[in-house]
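The block underneath contains the structure these notes are about, expressed in structure tokens.
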Amino acid sequence: TVVRFVHLSSCAVYGSPQRFNITEDSPPQMRGNLYADSKVAAEQVLFSAWEKHNLPVVAARASQVYGPGSPQFTVRPVQVIRAGKMVLVDGGKYLCKPVYIDNLVDGLLRCAQVDAAVGQAFNLTDDEPVPWRDFFGAYGKMLGVESFPSAPYPLAWLVALFNEAKAAAQGKTTGLNRKAVQSLRSCNSFSNQKAKEVLGWSPAVDFAEGMRRTEAWLRAGGYLE
């Protein structure tokens, strides 16, 4: 018997709307992005099982997950900065609303424990919107890098397109692709108010403390050497 099925989804299901405090009432949408579309499709299957078979499901929509063990938003940025290849889009002025890994785990546990969560979706994000320049800048400071070069969005898009074509011809992967450029240009944040009200959850670790803990983990693992 399945007591509770908690699906780790993503705020990517909302697409890239240029607005703030996006709530769970905003409908998920397919947008031709393999990762985001797979999350939308998974949620459709999930909630269909809830409606048709009364399977006790919860969808936890995480934002950009950073902290110890995070490949995409911790390890990879550090590697790119160390290689001298970090480039901001439009000065990194656009906002992200990340979630520290411990806060996410706490939210997932609440999704599994609170009865009122069944049949619902929740945005699990931290409270503070952070400009991308500050997010990556925190890693830069760990490495003694004070600033990064910047490219306007149209130029960054063209460079990413060139990188993709070159990588495809060589049978390799590319760091800067159009998906990354689009993400760095998105300016949105997701409301976590529903999770606070229904789950009784609140992100306990703020951005400054999250980065302090992340730096300790990175140093212990030799990532900053």
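Details
- Test for A195: is it touching a strand residue (DSSP E or B) at 6+ places or on another chain (Cβ under 7 Å), among the small types (G, A, S) and either in a helix (DSSP H, G or I) or over 25 Å from W132 (Cβ atoms) (or both): yes
- Each residue in region 145-185 was checked for being within 18 Å of G91 (Cα to Cα) and either part of a helix (DSSP H, G or I) or charged (D, E, K, R) (or both), and 17 of them qualify.
So that you can scan it fast, the table gives a plain yes or no per residue for (1) part of a loop (DSSP other than H, G, I, E, B); (2) over 12 Å from the mean Cα position of the chain (by Cα); (3) among the aliphatic types (A, V, I, L, M); (4) closer than 25 Å to K196 by Cβ:
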site: M86; (1), (2), (3), (4): yes, yes, yes, no
site: N103; (1), (2), (3), (4): no, yes, no, yes
site: D106; (1), (2), (3), (4): no, yes, no, yes
site: C111; (1), (2), (3), (4): no, yes, no, yes
site: Y139; (1), (2), (3), (4): no, yes, no, no
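- Residues in region 14-59 that are hydrophobic (A, V, I, L, M, F, W, C), under 23 Å from I101 (Cα atoms) and modelled with pLDDT of 95 or more: 5 in all.
Residue by residue, here is whether (1) in contact with an Asp or Glu (Cβ under 8 Å, 6 or more places away or on another chain); (2) surrounded by 16 or more Cβ atoms within 10 Å (Cβ to Cβ); (3) over 24 Å from V181 (Cα atoms); (4) of a type in the set (S, T, Y) holds:
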{"residue": "T1", "(1), (2), (3), (4)": "no, no, yes, yes"}
{"residue": "H7", "(1), (2), (3), (4)": "yes, yes, yes, no"}
{"residue": "S10", "(1), (2), (3), (4)": "no, yes, no, yes"}
{"residue": "R19", "(1), (2), (3), (4)": "no, no, no, no"}
{"residue": "E24", "(1), (2), (3), (4)": "no, yes, yes, no"}
{"residue": "M30", "(1), (2), (3), (4)": "yes, no, no, no"}
{"residue": "N33", "(1), (2), (3), (4)": "no, yes, no, no"}
{"residue": "S38", "(1), (2), (3), (4)": "no, no, no, yes"}
{"residue": "V45", "(1), (2), (3), (4)": "no, no, yes, no"}
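- Those residues of region 195-225 which are surrounded by 17 or more Cβ atoms within 10 Å (Cβ to Cβ) and either within 23 Å of R110 (Cβ to Cβ) or within 16 Å of the chain's Cα centre (by Cα) (or both), in sequence order: A195, L199, W201, P203, V205, F207, G210, M211, T214
- The number of residues in region 68-114 that are buried (at least 20 other Cβ atoms within 10 Å of the Cβ), under 30 Å from P56 (Cα atoms) and touching a Phe, Trp or Tyr at 6+ places or on another chain (Cβ under 8 Å) comes to 8.
- Scanning region 23-58 for residues that are of a type in the set (A, V, I, L, M) and within 30 Å of E215 (Cα to Cα) returns a single hit, A36.
The values are calculated or read from the model by the stated rules, or taken from the named source; none is laboratory data. Just so it is clear, the model here is predicted, and its values are computed rather than measured. Cβ: placed from backbone, ideal geometry, glycine included. Neighbour counts: every protein chain shown.
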